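The values are calculated or read from the model by the stated rules, or taken from the named source; none is laboratory data. If you're wondering where the values come from, they're calculated on a predicted model, not measured in any experiment. Cβ coordinates were reconstructed from backbone atoms using ideal geometry, including for glycine residues, and neighbour counts include every protein chain displayed. Please note that ligands, DNA and RNA were not included when accessible areas were found on the heavy atoms of the full protein model with its side chains. Shrake-Rupley method; radii C 1.70, N 1.55, O 1.52, S 1.80 Å.
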Amino acid sequence: MGLRTPLFSEHERLGARLVPFGGWDMPLHYGSQIEEHHAVRRTAGMFDVSHMRPVDVEGPDAQAFLRRLLANDVARLQSPGKALYSCMLNEQGGVVDDLIVYARGPQHYRLVVNAGTADRDIAWMRAHSAGFAIKIQPRTDLAMIAVQGPQARELAAPLLPEAVRANAMQIQPFFAAEDADWFVGRTGYTGEDGFEIMLPNTQATDLWRALHTTGVTPCGLGARDTLRLEAGMNLYGQDMDETVGPLESGLGWTVAWEPVERDFIGRTALVQMRDDPARREFVGLLLTGRGILRSHQKVLSNGVEVGEITSGGFAPTLDGSIALARVTPGLGSTCEVEIRGKPVAARVVRPPFVRHGTIRIER
Amino acid sequence: MSDIPADLKYTKTHEWVRDNGDGTVTVGITDHAQEALGDIVFVEAPESGREVDADEACAVVESVKAASDIYSPLAGEIVEGNAVLADTPDAINTSPYDEGWIFRLAPSDPGALAGLLDAAGYERVVEDES
């Protein structure tokens, strides 16, 4: 039996199919994962993401510590509440984890890390904290509910505590508002507008039920995966890991090279890789032949293997199959993917496939 | 509880088999199987004329989660694959025993049908899994 979030009994009550994920028992879907996917693209859906771990980093050296720890630069977070997506790298330039960091004040930051890597991440952070005047505090007392979709904010806002509600409605994308232990980020993992709401474990069930009553569709990990894939967002452990870094997984944009004197962990390795002509590219694929793209299928060009799919699946918004793939440089606009021993035609496209309910690639 | 019609035969790998009474049988996957797979988004049905062995993988059903092989319950010749599933694979979810059939087969030994599980036998297979 895995770990249970404060919403576990709600998932059981709603008839969820539960699966192990990152050490937790989590809902895969509540009936139809495709309907849940469409709910997020068209109206609003909610996800229990309480398995993810908020980690507060506070103290006089908090900024200096995070500028050493993360490949993106928290000095870019000029106003309170602003958020940043970043990789946390090892010395070899591989990814320890990907995360979101919110600036809460001059000496206060909140990171949100993946469930399966949380313990390892915190150990990594502590191991690299020597000499920095900081406190690292995992917030296991907080639950997290992501409410996503074009109607997500207007449906969720009235259910927020009054002290945070007005601010939550005013914040721009990639900002957060907070009051006491309620923390509302205008962030997500679906390619739609919405909130990620952190709140005390003890209040999670009330919010979940209120959201359900107001018409927000409960969604499981299945829909979360197809939504993020359509949005062209990476999944840690699948699209990148400790052996494959940001430059080969489409995350070069998250590496802050300037200022050059900022010596973040992994920088030396990344600089070497940056100018390597053999560095693999990270692309999107749209299957034009019949079948479903899946991770680990081989990508072929004129019959020669040139790479591998890292994430693939059925894309409900496109009613077709798409993938993210790592390939040798110079692949043209078409390729084949080996499905059950046979080459099937695909087009090479630039993610995202879908954003804000709209298909972004040519078909 | 999933639907297990009494007039069909079954396999341990969750196929159902209907005796059409004309020397052919129709094969699909059970209600229990479609529910476990989740939303089905792609089906590769076998070509007619193909000779298959008993327990040979001859079709593929892909759900949002994963691809699953479908095994021929009996040896014989494929008479027809369900062409409708190319455009509406979710017929297996909505109607596993009717519109969602996958292929028709002319068994080389019609007597072999009797060796498959009956509804009560298949119900025990499902119970043992849970």
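Couple of notes before you dig in:
- Residues of segment B:17-43 that turn out to be farther than 20 Å from residue B:86 by Cα and either touching a residue at least 60 places away in the same chain (Cβ under 8 Å) or not in a loop (DSSP other than H, G, I, E, B) (or both), as a count: 9
- Residue in segment A:204-218 that is free of Cβ contacts under 8 Å to residues at least 60 places away in the same chain, crowded, with 17+ Cβ neighbours inside 10 Å and outside the structural domain of residue A:316 (by TED's automatic domain parsing) present: no
- Residue check: residue A:344 meets all listed conditions (1) more than 13 Å from chain B (Cβ to nearest Cβ); (2) touching an Asp or Glu at 6+ places or on another chain (Cβ under 8 Å); (3) open to solvent by less than 70 Å² (accessible area, probe 1.4 Å) but one, namely (1).
- Residues within segment B:89-116 that are polar (S, T, N, Q) and crowded, with 16+ Cβ neighbours inside 10 Å, tallied: 1
- Taken together, the criteria place residue A:228 among residues that are in contact with a Ser or Thr (Cβ under 7 Å, 6 or more places away or on another chain) and part of a helix (DSSP H, G or I).
- All strands (runs of 3 or more DSSP E) inside segment B:44-112 with 2 or more residues being within 12 Å of chain A (Cβ to nearest Cβ): B:57-63, B:67-71
- Residue among A:66, A:70 that is open to solvent by less than 20 Å² (accessible area, probe 1.4 Å), out of contact with any helix residue (DSSP H, G or I) (no Cβ under 8 Å at 6 or more places or on another chain) and outside the structural domain of residue A:225 (by TED's automatic domain parsing): A:70
- Scanning segment B:50-64 for residues that are hydrophobic (A, V, I, L, M, F, W, C) and open to solvent by 40 Å² or more (accessible area, probe 1.4 Å) gives B:54, B:57.
- Summed over segment A:218-233, residues that are away from chain B (no Cβ under 12 Å) and more than 11 Å from the chain's Cα centre (by Cα) total 3.
- Meets criteria (away from chain B (no Cβ under 14 Å) and within 14 Å of the chain's Cα centre (by Cα)) for residue A:205: no
- The set of residues in segment B:37-49 being surrounded by fewer than 16 Cβ atoms within 10 Å (Cβ to Cβ) and in contact with a strand residue (DSSP E or B) (Cβ under 6 Å, 6 or more places away or on another chain) consists of B:48 alone.
- Criterion violated by residue B:6 - all others in (1) of a type in the set (A, V, I, L, M); (2) within 10 Å of the chain's Cα centre (by Cα); (3) surrounded by fewer than 19 Cβ atoms within 10 Å (Cβ to Cβ) satisfied: (2)
- For segment B:10-36, filtered to residues that are open to solvent by 10 Å² or more (accessible area, probe 1.4 Å) and among the aliphatic types (A, V, I, L, M), the residue that is nearest to the other protein chains (Cβ to nearest Cβ) is B:36.
- Number of residues in segment A:4-41 that are in contact with an Asp or Glu (Cβ under 7 Å, 6 or more places away or on another chain) and open to solvent by 50 Å² or more (accessible area, probe 1.4 Å) equals 2.
- Within the option set B:68, B:72, B:48, being of a type in the set (Ser, Thr, Tyr) and under 10 Å from the mean Cα position of the chain (by Cα) holds for one residue only, B:72.
Conditions (1) crowded, with 19+ Cβ neighbours inside 10 Å; (2) more than 14 Å from every other protein chain (Cβ to nearest Cβ), marked per residue:
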| position | (1), (2) |
| --- | --- |
| A:238 | no, yes |
| A:247 | yes, yes |
| A:270 | yes, yes |
| A:289 | no, no |
| A:297 | yes, no |
| A:306 | yes, yes |
| A:315 | yes, no |
| A:318 | no, no |
